[in-house]
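See below for the structure under consideration.
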Amino acid sequence: MDVSGNISAILNQKERELFSVPSNASVFDAVSMLAEKNIGALLVMDGERLVGMLSERDYTRKVMLRGKRSRETTVAEIMSTDLKVVSPREAVQDCLRLMTDKRIRHLPVLDGDKVIGIISIGDLVKWVISCQSAAIDHLESYIHGGYSG
C-alpha cells in the first residue's frame, strides 16, 4: 500500500498547541492535564529541552499498579526516556512501521533539537484513510469518464 506524504503534512492539519509538563511536576498534575486536554501523552520538557514523555500507559503501569501516590510521585520518576523521535521530513509509511514494530502510540517531532509537534497513531490512521478515500474518489471519477488526464 502506498501511503504518500510526510509528517509535516500531518502536522499542518493539526492544531499547533503542544502540551507539556516539567519533569518535577507531580504525576497528579500531569494526569489532570491529560484528562483536561483529552490527550493520551504529554511531552516532558525542562525549559526548551525534551527530556521524556508521559503517557497513560506510564501512569497505569508505573503508578497505579505499583500502588504509588500520584500526588507524591514526580513525572521524572515514571516518564519514558528512551524516546523514538522523528523529523517533519520523515515518511508517513516509515512512522507507521516504527510505531507498529515498537508498539509506540506517540512520537515527538523534532526539527533539529526543537520540538515542533507530536503525532499519534490515530493521526497516522486518519491520514491513511484520507489518502485511501482520495484514491477511491479519483478511481471512481476515472471509471465514470471524469478523468481529465
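The values are calculated or read from the model by the stated rules, or taken from the named source; none is laboratory data. The structure presented is a predicted model; accordingly, all values stated were derived computationally and were not measured. All Cβ positions, even for glycine, are placed from backbone atoms using ideal geometry, and neighbour counts span all protein chains on display. Calculation scope for accessible area: heavy atoms of the full protein, side chains included, ligands and nucleic acids excluded. Shrake-Rupley method; radii C 1.70, N 1.55, O 1.52, S 1.80 Å.
Quick rundown of the values:
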quantity: Tally of residues being open to solvent by 70 Å² or more (accessible area, probe 1.4 Å) and closer than 25 Å to Arg89 by Cβ across region 5-29; calculated: 5
quantity: Qualifying residue in region 105-124 (condition: of a type in the set (A, V, I, L, M, F, W, C) and part of a helix (DSSP H, G or I)); calculated: yes
quantity: Scan of region 30-51 for residues that are open to solvent by 50 Å² or more (accessible area, probe 1.4 Å) and touching a residue at least 24 places away in the same chain (Cβ under 8 Å), ordered by number; calculated: Asp46, Glu48, Arg49
quantity: Selected residue (only one of Leu11, Leu65 is without any contact (Cβ under 8 Å) to a residue 12 or more places away in the chain and not polar (S, T, N, Q)); calculated: Leu65
quantity: Whichever residue in region 55-73 is over 18 Å from the mean Cα position of the chain (by Cα) and surrounded by 16 or more Cβ atoms within 10 Å (Cβ to Cβ) and, among such residues, is modelled with the lowest pLDDT; calculated: Val63
quantity: Filtered residues of region 104-133 (kept if open to solvent by 50 Å² or more (accessible area, probe 1.4 Å) and either closer than 21 Å to Asn38 by Cα or of a type in the set (Phe, Trp, Tyr) (or both)); calculated: Arg105, Ile121, Val125, Lys126
